[in-house]
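The values are calculated or read from the model by the stated rules, or taken from the named source; none is laboratory data. The shown structure was predicted, so the numbers you read here are calculated from the model rather than taken from an experiment. When we count neighbours, we look across all protein chains shown, and the Cβ atoms used for this are built from the backbone with ideal geometry, even at glycine. Areas reflect the complete protein model, heavy atoms only, side chains present, ligands, DNA and RNA absent. Shrake-Rupley method; radii C 1.70, N 1.55, O 1.52, S 1.80 Å.
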Amino acid sequence: MLAVWVDQLLGFASGALSAIRQQEHYPDFMTWVRAEGADYFNGDDAIAQALAPILWSQTPLERLDFACEPLATPARNEPCWCDSGRKFKQCCYRVEFPTEIPDQMMWMLSLRDWKGATLKAALASQRAPAQALLEAGLIAAESGQTGRAMQILESLFDGSDWSRLPEQAEPAFEILLDIYQERGFTRKRAELLDEVLDRGPLFLRGVALERLCLMHLDSDDLDSARAAFVRAQQALPDSPTLAYIEAMLLLHEGHEQEAKERANFWYRRLARQGELDDDQLDFLAALAENPGATLADQLLSAEEDLATPLIGLQSLLAALPTAPKLDISVAPESGRLRYHVSAREATLFAEWHEPFQVMVDEELALGFRDDPWGNAVEWMSLLCAHPEWLDSPQVVQDLTLALTSRFGSLPWMAPSLLEPLALRLSRWLQQARAEGDGSLCWDDADNAILLRTGLALVVGMERGARQHSRELAEELLAINREDSLGLRELVLDQLLRDERNEDALALAEERSDDGSMKLNILLGRALALYRLARYEEADAALQEARQYNRYALEMLCADKPRPALPSGDGDIKPGSREEAWQYRTLMRDQWRSSTGALAWLSARR
């Protein structure tokens, strides 16, 4: 019965709103109520007439600059406010509603209906109740009206009075951040996060912290992510969100054991305070036991539709049999290695491509022509039903690129999704090396399939399976030193993160152009020399880096430099601010964690 009442109430309120908008005068509205109101309540005109004054009193009127014109509730012996001519106690006072009438309902319905200049003016009046803005914004977002949702939710989170914000506003806050991200409003998103972290209510600060850190982690800007975390520690010293964020940050930095220790610290500390519910404590206990697996499980549960096929895919990859032998031969004239797709592999790929549908963009090192995740449930489910498809390197390539594009920035996903594919590729590279000592070059035969897969795996495992990523990169470097894969740069960065400074220096001093960004090589060499206390050589290396890119030292030393993002095509020119910014996001945390390194850099600017 309650559901029927709610439908009747909303139907009557919508009809009432349309009637009010005709003249915006109470007598005209009551004429409509007496004529049509009972139709909404199975002929019960008493309920319609009792509701009408309440809804009128909360309706924003355009003629009053969106203010309401509330009626005074009559005393028991005064004439009823529905204009029936009877006393209030004998009329509307006697009517009981199954539920309370929400105070913001007519504002919410108005915000749902208004368009263009009227909606803009209504929001600018700042008269809309926060609950109405929240509900109208969520309705617009759920119905795919992202522009309207953004406009309404911006009024809700304008920062003018955080105390009025409903505690149920957290999903709306996340929706607004998502809309900003989808539409490319990077500055608006950053400003909203800063505003909430500085002055927003406590229940939103944890969400803002999580989003800010994830934003920096997604772009590999570990130093900014660390700064955001420190800022949050000062603002929210006892928030359980800090445990989750710090674990993510430490895993991104490659400190798995420290992530476990810090999660255990948070669990003990917050358990003593006794303010968390059982679910929160269970999560922190699991985080302390195995941070990576816990974060992976949380991600899977958050993926909703993808959760079941992803779990199935993990099981499939964990049980993969040994990779089959490929058709790899040596070119007689050059001695170079050549892989050719076999007829069986071509058939397997054709079967796979029917559900997968998306083609690799061969103009890019790593990428597709379209998004493969639109029908991911279908292709993952079918792959689990046909594991033999993974005997085709081309299928492995597609799967690797798809997984790296979605999960490559999340270290905790690499062990279950990418490492099994890396083992399969290594088996194929070993087969190639067994055929001869020549190079497996990108442009020969079908070699690009194997090399592109390897490059995607190195990038995807760089955070979550660093040692395996470096080993695979070294395998690829050994089997192909002639093509521009940029692997030397990736291996160098990993060696520096592992404090293998002698190995990093040896790699940096190899004078070969493999497509690596030169700035990374030059500054990587300078950092390795500094760590080895070879300061005169480090000075010379730094001078060479400064001559190559005049922005690099300034960008590295500044606490909050202005970002320099690449152009729309993603191209980064040598010697540019964009190149310096990219190096900073990737490696500033290594300079900061090297004692005295940033001060040494600053003195040589």
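A compact table of results
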| quantity | calculated |
| --- | --- |
| Any pair with Cβ under 6 angstrom, 6 or more apart, that starts in the stretch 583-601 at a residue that is among the aliphatic types (A, V, I, L, M) and ends at one that is surrounded by fewer than 20 Cβ atoms within 10 Å (Cβ to Cβ) | Leu586/Asp220; Leu598/Arg592; Leu601/Leu553; Leu601/Cys557 |
| Enumeration of residues in the stretch 54-92 that are assigned to a loop (DSSP other than H, G, I, E, B) and touching a residue at least 60 places away in the same chain (Cβ under 8 Å) | Pro60, Asp65, Phe66 |
| Which listed residue is free of Cβ contacts under 8 Å to residues at least 40 places away in the same chain and in contact with a helix residue (DSSP H, G or I) (Cβ under 7 Å, 6 or more places away or on another chain), from Val207, Val95 | Val207 |
| Some residue of the stretch 203-222 being more than 27 Å from Asp297 (Cβ to Cβ), open to solvent by 10 Å² or more (accessible area, probe 1.4 Å), in a helix (DSSP H, G or I) and of a type in the set (A, V, I, L, M, F, W, C) | no |
| Those residues of the stretch 435-464 which are closer than 24 Å to Leu410 by Cα and touching a His at 6+ places or on another chain (Cβ under 6 Å), in sequence order | Met461, Arg463 |
| Near pairs, Cβ below 8 angstrom, 6+ apart or cross-chain, from the stretch 330-350 (charged (D, E, K, R) and in a loop (DSSP other than H, G, I, E, B)) to any residue that is at pLDDT below 95 and open to solvent by less than 70 Å² (accessible area, probe 1.4 Å) | Arg336/Val330; Arg336/Gly438; Arg336/Ser439; Arg336/Leu440; Arg336/Cys441; Arg336/Asp444 |
| Test set (1) in a helix (DSSP H, G or I); (2) open to solvent by less than 50 Å² (accessible area, probe 1.4 Å) - Ala128 fails condition number | (1) |
| The stretch 44-53 - residue that is in contact (Cβ under 8 Å) with a residue 24 or more places away in the chain and either touching a Phe, Trp or Tyr at 6+ places or on another chain (Cβ under 8 Å) or open to solvent by 50 Å² or more (accessible area, probe 1.4 Å) (or both) and, of those, farthest from His25 (Cα to Cα) | Ile47 |
| Leading residue by the ranking (farthest from Gly367 (Cα to Cα)) among those in the stretch 450-469 that are in a helix (DSSP H, G or I) and open to solvent by 20 Å² or more (accessible area, probe 1.4 Å) | Gln467 |
| Checking Ser160 against (1) touching a Phe, Trp or Tyr at 6+ places or on another chain (Cβ under 7 Å); (2) open to solvent by 50 Å² or more (accessible area, probe 1.4 Å); (3) more than 17 Å from Leu111 (Cα to Cα), the condition it does not meet | (1) |
| Near pairs, Cβ below 6 angstrom, 6+ apart or cross-chain, from the stretch 114-131 (touching a residue at least 60 places away in the same chain (Cβ under 8 Å)) to any residue that is surrounded by 13 or more Cβ atoms within 10 Å (Cβ to Cβ) and assigned to a loop (DSSP other than H, G, I, E, B) | Ala122/Phe66; Ala122/Trp114; Ser125/Phe66; Arg127/Phe66 |
| Some residue of the stretch 245-254 being at pLDDT 85 or above, closer than 30 Å to Lys560 by Cα, buried (at least 20 other Cβ atoms within 10 Å of the Cβ) and out of contact with any helix residue (DSSP H, G or I) (no Cβ under 6 Å at 6 or more places or on another chain) | yes |
| Selected residue (only one of Leu418, Leu477, Leu490, Leu423 is open to solvent by less than 10 Å² (accessible area, probe 1.4 Å) and of a type in the set (A, V, I, L, M)) | Leu418 |
| Matching entry among Glu303, Glu261 (being free of Cβ contacts under 8 Å to residues at least 12 places away in the same chain, open to solvent by less than 60 Å² (accessible area, probe 1.4 Å) and over 28 Å from Tyr583 (Cα atoms)) | Glu303 |
| Restricting the stretch 334-369 to residues that are of a type in the set (D, E, K, R) and farther than 22 Å from Ser405 by Cα, the residue that is surrounded by the most Cβ atoms within 10 Å (Cβ to Cβ) | Glu345 |
| Wholly within the stretch 534-605, helices (runs of 4 or more DSSP H) carrying at least 3 residues that are of a type in the set (Lys, Arg) | 577-593 |
| Search result, residues across the stretch 93-108 that are aromatic (Phe, Trp, Tyr) and either assigned to a loop (DSSP other than H, G, I, E, B) or open to solvent by 50 Å² or more (accessible area, probe 1.4 Å) (or both) | Tyr93, Phe97 |
| Residue in the stretch 384-406 that is without any contact (Cβ under 8 Å) to a residue 12 or more places away in the chain, assigned to a helix (DSSP H, G or I) and open to solvent by 50 Å² or more (accessible area, probe 1.4 Å) present | yes |
| Qualifying residue in the stretch 129-145 (condition: small (Gly, Ala, Ser) and more than 31 Å from the chain's Cα centre (by Cα)) | no |
| Count of residues meeting criterion [open to solvent by 60 Å² or more (accessible area, probe 1.4 Å) and not in a helix (DSSP H, G or I)] in the stretch 1-43 | 3 |
| Hey, Leu440 open to solvent by less than 50 Å² (accessible area, probe 1.4 Å) and not in a loop (DSSP other than H, G, I, E, B) or not | no |
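Per-residue answers, yes or no, for (1) closer than 22 Å to Gln590 by Cβ; (2) not hydrophobic (A, V, I, L, M, F, W, C):
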{"residue": "Leu250", "(1), (2)": "yes, no"}
{"residue": "Glu258", "(1), (2)": "yes, yes"}
{"residue": "Phe265", "(1), (2)": "no, no"}
{"residue": "Arg268", "(1), (2)": "no, yes"}
{"residue": "Asp279", "(1), (2)": "no, yes"}
{"residue": "Glu303", "(1), (2)": "no, yes"}
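Yes/no matrix, rows are residues, columns are (1) modelled with pLDDT under 90; (2) more than 33 Å from the chain's Cα centre (by Cα):
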| site | (1), (2) |
| --- | --- |
| Ala478 | yes, yes |
| Ser484 | yes, no |
| Leu495 | yes, no |
| Leu529 | no, yes |
| Arg562 | yes, no |
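Rundown of residues vs (1) at pLDDT 90 or above; (2) among the small types (Gly, Ala, Ser), yes/no style:
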{"site": "Gly274", "(1), (2)": "no, yes"}
{"site": "Asp277", "(1), (2)": "no, no"}
{"site": "Gln280", "(1), (2)": "no, no"}
{"site": "Ala286", "(1), (2)": "yes, yes"}
{"site": "Leu295", "(1), (2)": "no, no"}
{"site": "Leu300", "(1), (2)": "no, no"}
{"site": "Ser315", "(1), (2)": "yes, yes"}
{"site": "Pro324", "(1), (2)": "yes, no"}
